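Here the structure is laid out as structure tokens; the discussion comes afterwards.
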Ligand code: OAD
């Protein structure tokens, strides 16, 4: 089967074998914290020091992890893919970015971090986004606005994911949609499979095990991402 326009959605499961914890582990916590406390605008307003410290720790952990065979398989596919290829990740780590730096993609490739990036910060007043590798304080002064502070460039619950128009356009034009390592619990990403089906695309779920939305996909490939992802892309 030949495909021209590919959209791949990834979630925390693709980074799990690199040592980055997923969100919905059995304890219901994210890295020991309640999601409401560290991943909502209300949580940030109530205790900015706690929220900044949480993301400071996540940012520091990036130095200890590396892209795995699944990230690399995607980068190798992006290097040889002749058509359009939009990789949309819900992950805020930089493991896809690093894999594509090692293996540069073909011209039709684009990567979108729809839930933001740990290695960026945003001014609360001007909205300016800049690279940010170090720690941030509770009232980190903004170089972009006298009354602004810098916050993590992370899309929290209740906020709008990034570049949705671009993503919807790609879903409308795709003929293959692959969802990797995501529980399908968080919208709008959980709805991408329906949009792709609407366009007539072949839809494939790759996960450790079938998710609650598995029946929405034409096919499933189950196993650890470091094995299932390279094996699936070898078939294209
Ligand atoms: P989840 O933690 O909800 O789901 C992780 C998925 O990865 C599950 O379906 C697991 O079965 C699967 N998984 C775990 N280990 C795997 C492995 N080694 N190989 C393959 N699959 C594996 O994470 P997401 O679906 O990414 O949002 O969560 C979506 C969003 O919810 C996140 O982006 C975050 C969170 O709240 C924001 O921060 C805005």
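Kindly provide the set of residues from region 51-64 that are in contact (Cβ under 8 Å) with a residue 12 or more places away in the chain and surrounded by 15 or more Cβ atoms within 10 Å (Cβ to Cβ), ordered by number.
Hits for region 51-64 are 51, 52, 54, 55, 56, 58, 59, 61, 62.
Does residue 133 count as buried (at least 21 other Cβ atoms within 10 Å of the Cβ), modelled with pLDDT of 95 or more and either more than 24 Å from residue 73 (Cα to Cα) or within 16 Å of the chain's Cα centre (by Cα) (or both)?
So residue 133 does not fit the description; no.
Cβ-Cβ distance below 9 Å, separation of 6 or more or different chains: which pairs start in region 155-172 with a residue that is without any contact (Cβ under 8 Å) to a residue 60 or more places away in the chain and end on one that is assigned to a helix (DSSP H, G or I) and near the ligand (Cβ under 10 Å from one of its atoms)?
Every condition considered, the pairs that remain are 161/189.
Assess whether residue 231 counts as being in contact (Cβ under 8 Å) with a residue 24 or more places away in the chain and either part of a helix (DSSP H, G or I) or surrounded by fewer than 18 Cβ atoms within 10 Å (Cβ to Cβ) (or both).
No, not satisfied.
Do you know which of the residues in region 190-215 that are in a helix (DSSP H, G or I) and touching a strand residue (DSSP E or B) at 6+ places or on another chain (Cβ under 7 Å) is surrounded by the most Cβ atoms within 10 Å (Cβ to Cβ)?
Out of the qualifying residues, it is 196.
Among the residues of region 19-39, are any within 23 Å of residue 204 (Cα to Cα) and either crowded, with 23+ Cβ neighbours inside 10 Å or in contact with a helix residue (DSSP H, G or I) (Cβ under 7 Å, 6 or more places away or on another chain) (or both)?
Within region 19-39, one or more residues are within 23 Å of residue 204 (Cα to Cα) and either crowded, with 23+ Cβ neighbours inside 10 Å or in contact with a helix residue (DSSP H, G or I) (Cβ under 7 Å, 6 or more places away or on another chain) (or both).
List the helices (runs of 4 or more DSSP H) inside region 1-115, counting only whole elements, that have at least 1 residues being within 27 Å of residue 137 (Cβ to Cβ) and away from the ligand (no atom under 11 Å from the Cβ).
Helices (runs of 4 or more DSSP H) meeting the threshold: 35-38, 41-46, 48-61, 95-102.
The values are calculated or read from the model by the stated rules, or taken from the named source; none is laboratory data. Treat the numbers as computed from the prediction; the structure is a model and nothing was measured. All Cβ positions, glycine included, derive from the backbone under ideal geometry; neighbour counts span all protein chains shown.
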